[in-house]
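Comments concern the structure below.
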Amino acid sequence: MMKILVINSGSSSIKYKLFTMPGECLLLKGVLEHIGEEGSEIANHYSGLRVILEKIKTVDAIGHRVVHGAEKFKKPVLVNKNVIGGIKKCCAIAPLHNPANLAGILACQKILPGIKQVAVFDTAFHQTLPEHAFIYGLPYDYYQKLGVRKYGFHGTSHEYVTMEASKILKQPLRKLKLITCHLGNGCSIAAVNQGKSIDTSMGFTPLEGLVMGTRCGDVDPALITHLMHKKKLDTKEMDRILNKESGLKGISGISNDMRLLEVKALAGNKRAKLAIDIFIYRIRKYIGAYLAVLNGLDALIFTAGIGENQASVRNSICRNLFNCFAKKPKILVIPTNEELMIARQTYKLIGRR
Ligand code: ADP
């Protein structure tokens, strides 16, 4: 039996869960917030992890969530000097996430130098996308020289529900065509054929694709330069508007919280209803596209905050969706568990050695 600590180290928070493996028993979980913020007692990730590790006392291995692994990391890896260098390199294309993930890894190394650490990447599951799905219609040079391509995110969640679906359906992955919908604050959808992701809605960054809590998803790219010019926005401000002021929040003018929007829409608020309608319409469009990509479907899977809890949203997405199917795909709700997936992958990698 091993005690595995899973760390999700963000820019100002550290979430953690402690599991015993292979029994998959959750012993402890928690979150430290406001790291490095003014007036906070926790100055940096190092201090934060000291607090967590003092509470936990003994661990056998640590699994870290790392957002971006680019093309270098197609699987979870044991952390060493090379891996740290690789994650550092990825900071250039994931400046909001990878530096904080790396800070968590380095802090753990310092505090517990002998303990093995594993990095599990949000992009890894989508590394099986074929070229025709991940290359953008831009000069090919940008891919070769700047790494500009679709990467996709939420991979750990899409992979977890894919594996759970295979258990629930009692079918091996090689026999399954799945569409997995991760609908939380961030939202993404993936087409999974024989256990492999073959397309996904998020792109070079987690902004592309579905309409999300505060992110716009797909828009006409020419709009960005148009708006920057019209409203005299610099790149930082434009980026903030697309990531933080758009999506459900931007359309409704009320909130990014789908629960609140449902209440408001039921009470007659037109913009709340419009935001929900747009959210649902975009998902249906992607499902339609992925039916063509997969050439069939065994199951449509819903997960994360909205996907797991809001039946009304699921019902609207699925209404008359499969009317023309002779054999209707199954519709499954599977609670995601990214931390458990990271613990499983950490155990698999460490156990093997
Ligand atoms: P995150 O991407 O931040 O992990 P979640 O997966 O918790 O987000 O999803 C948040 C979204 O799910 C919000 O729009 C929220 O309104 C909706 N939601 C609906 N029911 C619940 C619930 N019981 N718990 C959490 N979020 C819920």
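Where a number appears in this text, it was derived from the coordinates with a stated rule and is not lab data. Being a predicted model, the structure only gives us computed values, none of them experimental. Quick reminder, even Gly has a Cβ in these numbers, built from the backbone with ideal geometry, and neighbours come from all protein chains shown.
A crude spin-label estimate for the pair residue 185 and residue 11, with each label 7 Å from Cα along the Cβ direction, gives 1.2 nm. The angle between the Cα long axis of helix 270-294 and the main principal axis of the chain comes to about 80°, on a 0 to 90 degree scale. Seen against the Cα atoms of the chain and their longest principal axis, helix 338-352 is set at about 50 degrees. Annotation: extensible slack from residue 132 through residue 285 equals 53.1 nm (criterion: 0.36 nm per residue apart, minus Cα-Cα distance).
Between the alpha-carbon centers of the range 166-230 and the range 100-158, tell me the distance in whole angstrom. The range 166-230 and the range 100-158 have Cα centres spaced 16 Å from each other. Considering only Cα atoms, the convex hull volume of the range 224-353 works out to 194 Å³ per residue. Only Lys, Arg, Asp and Glu carry charge here, each on its Cβ (+1 for the first two, -1 for the last two); on that basis the chain has a dipole of about 760 debye about its Cα centre. Taking 0.36 nm per residue of separation and subtracting the current Cα-Cα distance, fully stretching the chain between residue 229 and residue 144 would add 27.6 nm.
Return the subset of 3/196; 249/285; 89/145; 3/116; 3/177 for which the Cα-Cα distance in this structure is over 23 Å, preserving the input order.
Values: 3/196 29 Å; 249/285 21 Å; 89/145 14 Å; 3/116 12 Å; 3/177 35 Å.
Table pairs above 23 Å Cα-Cα are 3/196; 3/177.
Quick one: work out the % antiparallel among DSSP beta bridges in the chain, nearest 5. Spell out each step's value before the answer.
Working: 28 of 47 bridges.
The answer is about 60 percent antiparallel.
Students often get this wrong: which residues of the range 315-342 have the backbone nitrogen under 20 Å from the point 7 angstrom along Cα-to-C-beta of residue 2? Residues 337-342 fall inside that zone.
Could you order peptides 99-112, 51-64 by the average number of other Cβ atoms within 10 Å of their residues, highest first?
Details: 99-112: 19.7, 51-64: 17.6.
So the order, starting with the most tightly packed, is 99-112, 51-64.
Close amide H contacts of residue 61 (hydrogens built in the peptide plane, cut-off under 5 Å, sequence separation of 5 or more or a different chain): 3, 5. Were the residues from residue 44 through residue 236 laid out at 0.36 nm apart, the gain over their Cα-Cα distance would be 66.7 nm. Helix 45-56 and the long axis of the chain differ in direction by around 70°, with both axes built from C-alpha atoms.
Quick one: if the Förster radius is 35 Å, what FRET efficiency do residue 74 and residue 309 give, using the C-beta to C-beta distance and rounding to 0.05? If you can, show how the numbers build up before the last one.
Working: r = 32 Å, r/R0 = 0.93.
It comes out at approximately 0.60.
Most simply put, the range 1-143 has about 65% antiparallel DSSP beta bridges, counting only bridges with both residues inside it.
The distance separating the Cα centre of the range 300-353 from that of the range 1-77 comes to 24 Å. When the charge dipole of the range 132-230 is built from unit charges on Cβ atoms (+1 for Lys and Arg, -1 for Asp and Glu) and taken about the Cα centre, the candidate among 185, 223, 156 whose Cα reaches farthest toward its positive end is 156.
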